[in-house]
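The values are calculated or read from the model by the stated rules, or taken from the named source; none is laboratory data. Computed from a predicted structure; not experimentally measured. Here the Cβ positions follow ideal geometry from the backbone for every residue, glycine too, while neighbour counts run over all protein chains shown. Note: areas computed on protein heavy atoms with side chains; ligands, DNA, RNA excluded. Shrake-Rupley method; radii C 1.70, N 1.55, O 1.52, S 1.80 Å.
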Amino acid sequence: MQDSPAVETLTPEQAAQELAQLAARLSEANSAYHTEDAPKISDAEYDALKRRNAAIEARFPDLKRADSPSEQVGAAPAEGFGKIRHEVAMLSLGNAFTDEEVEEFVQRVRKYLNLRPSDALAFTAEPKIDGLSLALRYESGLLVQAATRGDGATGENVTANARTIADIPQAIEGAPEVLEVRGEVYMSHADFEALNKAQAEQAAASGKEPKLFANPRNAAAGSLRQLDPEITRARPLKFFAYAWGALSEPLAETQMGAIQRLAALGFVTNPLTRRCDTAQDLIDHYRQIEAQRATLGYDIDGVVYKVDDLEMQRRLGFRATTPRWATAHKFPAELAWTRLEEIDIQVGRTGALSPVARLAPVTVGGVVVSNATLHNEDYIAGRGASGEVIREGKDFRIGDWVQVYRAGDVIPKLADVDLSKRPPEAVPFVFPEVCPECGSPAVREEGDAVRRCTGGVICPAQAVEQLKHFVSRKAFDIEGLGAKQVEQFHADGWIREPADVFDLKAKYGSGLQQLKNREGWGQKSAENLFDAIDEKRRIALARMIFALGIRHVGEVAGRDLALHYGSWPALTEALDTARPAALAHRKADEAEIAERASAADEGRRARISEARSAVVADSAVPPEAAQAWADLIGTDGIGPTLALSLSDALANPEERAAFDRLTAHLTIEAPEAPAADSPVAGKTIVFTGTLEKMTRAEAKARAESLGAKVAGSVSAKTDLLVAGPGAGSKAKKAADLGVETIDEDAWLALIEGL
Ligand code: IVH
């Protein structure tokens, strides 16, 4: 490029020739970037080629080619797909692996619905297709939008691609005005083999490395997520409809009815879908599907069970990420034997030292596996979570012949070792007692299976993992800032803590220039990154809390804390107030552990609880601290372990300062109360006694969906006690505190019609 003559000096012949070359080079770069996911030139070079092309075209407009790269909007790198927010979230499914777990699932549903043993409860059972889910929106019978699942809340707009799939109708008749059909895009075994064969032949012809897909699922995903729909069209994708999202009117009264309706509208539904009346029926159908698995011609990884009655589905509703009314009965794990070549220790976000097995590559259920988890040092040594002997006490040693086990998309594990093949020189594995990354002591706390690096923020591995978590999809979700980029920025000292992400532009902001000069960054991708970062300066409180990566504080806890405290200052203030009580709680825990260790069996309980109350009384906790602590651990979903971990993080001066530096960059949004117009929104409610019209779990879920907080115990903060027959001490306490108390019928009347 540097050597190219100035555009002003080009003759028309030279210009035409160069435009042809540029079109070819840019098209190759595009397909390397988008189609093969393997860019061959940097963004900077790409940008330069495009600018050169535009400059020549500007001088010789008549020479502009029909396939001019400047006309190829949408195919430009880094633009990717548009985002679509799902009107109804796309969730995943809980799992069952054994017949007992299927029984338990059925029992859980029965219990939640308060069914008597004689009440009927039907399910559907159908294959779980191993592809990727897709939501198709039809308005007035016309396909208007197709979106991938993405993170469940927001997916990618792949409408143009979906239109190329033969199984997906473009227009349907007799459908509700708004109909969102959901199902799985997949590739058959035969089509997958043929595609890989064609890819290999093409590569051989052009002397390139073939880009082969590992399995039909990857092939389907890679084919659907093509920026050029013509590539998708050439890929033989198929679609099974099995669910729905937004609807202007119900499809049917039952799951089976809805599936039949979808079939009648022209969608392909799975022919192995059955209605089943008992857990045994489900398991029988599962066995039948399992027996046909090898001859179906497409990959399935289990059988999905769904409650048939749609009104019951509605009542059962959802947990954080999975429906209560469905589960996936997974096929058993697949096994293979191979050599254990090395045991590496990885340091995680919270300092946990995780042993990883490096294996001689082996195919397990169609996927090449070369790494597997070894859990922790006890697992390597042949001991289970409670110190019990596992694998008859056989340990894993480097050089051993080991069995790999893989279940669905779960990380592969090492299950067994063949001692008859152990090399004579193999020695027991010695688990490190210092952090391999920063050299700090790695300690195991009482009762913890995991050894942890004590280096905290000085440990580069912890810092990097924290940052990766911080920018990850469920946290700040910063586009263009993935694990790889975080590692690069951290290694170069540009990002050391989360706050630095928001300083990136300011610090290196002539930065753009500096960033552009770095490997892999061009003008466009640098600008995109800064924009993506700016977009996240406004963030929901729940995400912010989750993003901090505090041990035990997951996504659900982030949401619970956000809903309970409503703002970051309110949360930190409450935790600061509660600190003395948190410390007393820890002391009491320690006393309890010490007591347990020394106490003889007899009278143990009495002494332990004496020790606990002695410590708590001793530490003279101020009443406001006790109150704030009680309020914290009384929050639904927040237990003492989580509360202590959160308290420790906020009380640690370095961590706190880092949080303050971060929040200074942010506008933190208060959580949306799910339904602010309901009379119970924002109220704290306690249920007690026997409820007769619904189960406790259902009552709680319903209250929460109306924006109420449900607490387990009555306190001055309780707004309402719903008391069924048999209510005891809670009703008395509510009366003492003057908390309003109503019965179940009054509760139902209050929320009726909502
Ligand atoms: S129903 C609310 N049915 O499995 C959940 N999902 O692990 C509705 N899947 O994201 C999903 N086959 O991509 C359902 N017959 C089937 C399925 C199926 C495959 C996928 C789907 C989902 C994932 C959950």
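Overview of results
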| read-out | value |
| --- | --- |
| Inter-label distance, nm, simple model (7 Å from Cα along the C-beta direction), Arg59/Ser4 | 1.0 |
| With DNA, RNA and ligands ignored, accessible area of His490 (1.4 Å probe; Å², nearest 10) | 30 |
| Between 0 and 90°, nearest 10: helix 460-471 axis offset from the chain longest Cα axis | 80 |
| Charge context of Asp736, other residues only, Cβ under 15 angstrom, K/R +1, D/E -1 | +3 |
| Rounded Å value of the spacing that divides the Cα centres of the range 676-754 and the range 387-445 | 50 |
| Total formal charge among the other residues, if their Cβ is under 10 angstrom from that of Ile539, Lys/Arg +1 and Asp/Glu -1 | +1 |
| Pairwise FRET efficiency - Ala651 versus Ala153, Cβ, R0 = 41 Å, nearest 0.05 | 0.80 |
| Inter-label distance, nm, simple model (7 Å from Cα along the C-beta direction), Gln17/Glu445 | 7.2 |
| Net charge of Cβ neighbours under 13 Å - reference Val389; Lys, Arg +1; Asp, Glu -1 | -1 |
| Alpha-carbon spread of the chain, three principal axes, descending order, Å | 97, 64, 64 |
| Under 26 Å from Lys700, Cα to Cα: lysines that are on another chain or at least 8 residues apart | Lys111, Lys306, Lys474, Lys683, Lys709, Lys717, Lys730, Lys732, Lys733 |
| Contour minus Cα-Cα distance for Lys83 and Thr695 (0.36 nm per residue) | 216.5 nm |
| Förster radius 22 Å - calculated FRET efficiency between Glu519 and Glu209 (Cβ-Cβ, nearest 0.05) | 0.55 |
| Positive-pole candidate from Gln280, Pro69, Phe429, dipole of the chain, charges at beta carbon | Phe429 |
| Rounded percent of accessible protein surface that carbon and sulfur make up, the range 97-158, 1.4 Å probe | 46 |
| Crossing angle, helix 12-30 versus the chain [Cα axis fit, 0-90 degrees, rounded to tens] | 30 |
| Arg537 paired with Thr373, simple spin-label distance in nm, labels 7 Å along Cα-to-beta-carbon | 3.8 |
| Computed FRET value (nearest 0.05) for Glu249 with Ala630, which takes r as the C-beta separation and R₀ as 51 Å | 0.60 |
| Per-peptide average of other Cβ atoms within 10 Å, ordering 376-382, 360-366 highest first | 376-382, 360-366 |
| 1.4 Å probe accessible area per residue over the chain, in Å² | 49 |
| Length added when fully stretched, Val144-Glu103, from 0.36 nm per residue minus Cα-Cα | 10.7 nm |
| Arg496 - accessible surface, heavy atoms, 1.4 Å probe, Å² rounded to 10 | 150 |
| C-alpha long axis of helix 189-206 to longest principal axis of the chain, angle in ° | 40 |
| Gained length - Glu311 relative to Lys732, 0.36 nm times residue gap less alpha-carbon distance | 147.9 nm |
| Rel. contact order, % - alpha carbon contacts under 8 angstrom, at least six apart, the chain | 9 |
| Cβ-placed point charges (K, R +1; D, E -1), dipole of the range 224-271 about Cα centre in debye, nearest 20 | 220 |
